[in-house]
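Notes to accompany the following structure.
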Amino acid sequence: MGGLWNKVKKRHSAAHPFCTAIVPAAGSSRRMGGENKQFLELRGVPVLMRTLQAIDQTQLVDEIIVAAQQELLEEVADLCYRAALHKPVRVFAGGATRTESVLAAALEADKQATLLAVHDGARPLVRPEDFDAVIRFAVRTNAAAPAVPVTDTVKMADSEGLVTSTPDRSTLFAVQTPQVFQADLLRAALQSALDESAAVTDDCSAVERIGKQVYLTEGNRENIKITTPIDVALAEVIIDMREKTK
């Protein structure tokens, strides 16, 4: 009986590896004019609460860890309580940088976690099914992120504004979150970036710089990041569109 039960557990593990969602929410919100974007309301619901509720509706996330500013720990914890989440959620103080915050959260993840899904607290419109799709892709690739093709022409320029090149637009993608990784791979990549004081703009960059492959999968243009005031207006338009199609 024991041997049969072990086989069942192995099959379950392969189909649904334990996944911890890490939600960095300790940014300074400088481009929002200093107002903390995590608490801005979108049609009456705070940005961070919408993000957490979307993750809570996924099938493949097992626990949620939120990295918040030290002085906002109680406020974020209260927000999590009011969100009435079903999945286990923990809130802890983030570091001075995003890299420090994500690594600290990665080290706090449940020991069972074989996958870590890092999702911006300020991306409240992620669809649960899209979140799950990236996790499934990461099971096969070890490192995956959603992305959408760039539609504008992109220019490279020097400090004086002189154009130096025009990359082929067909090879350019705007990367979103969740970015999902094999747990030990992400921890090693983030630790390496910190040890060498390497500036990385996202978690994929940290994995890329240690020579590991990252795969992109189809993103969703509605999965916008709340960064500037215009994003708030756009997010509310998307919310209204979704309400009309329910």
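The values are calculated or read from the model by the stated rules, or taken from the named source; none is laboratory data. Everything numeric in this text was worked out from a predicted model, so none of it was measured. Because the Cβ atoms are built from the backbone with ideal geometry, glycine has one as well, and the counts that use them run over all protein chains shown. The accessibility values were calculated without ligands, DNA or RNA, using every heavy atom of the protein model including side chains. Shrake-Rupley method; radii C 1.70, N 1.55, O 1.52, S 1.80 Å.
Which entries of Lys37/Lys87; Lys111/Lys212; Lys87/Lys111; Lys225/Lys246; Lys111/Lys246; Lys87/Lys246 have Cα-Cα distances beyond 27 Å here? Beyond 27 Å: Lys111/Lys246.
Of all accessible surface on the chain at a 1.4 Å probe, what whole percent is carbon and sulfur? On the chain, the fraction of accessible area on carbon and sulfur atoms equals 52 percent.
What percentages make up the Cα-Cα pair-distance distribution of the range 49-102 when the bins are 10 Å wide from 0? Pairs per bin, as whole percents: 25, 52, 23, 0. In the context of the full set of protein chains, the chain has a per residue accessible area of 54 Å² (1.4 Å probe). Computed packing ranks the peptides 48-54, 71-77 as 48-54, 71-77, most packed first, by mean other Cβ atoms within 10 Å. Summarising the amide proton neighbourhood of Tyr215: residues at separation of 5 or more, or on other chains, whose placed amide H is nearer than 5 Å comprise Ala143, Ala144, Ala145. Residues whose amide H comes within less than 5 Å of that of Val66, counting only those at least five positions distant or on another chain, are Val23, Arg90, Val91, Phe92 (H built at 1.01 Å from N in the peptide plane).
Taking R0 as 35 Å, what FRET efficiency do you get between Val150 and Ala93 from their Cβ-Cβ distance, rounded to the nearest 0.05? Mind showing how you got there, number by number?
Details: r = 35 Å, r/R0 = 1.01.
Rounded to the nearest 0.05, the efficiency is 0.50.
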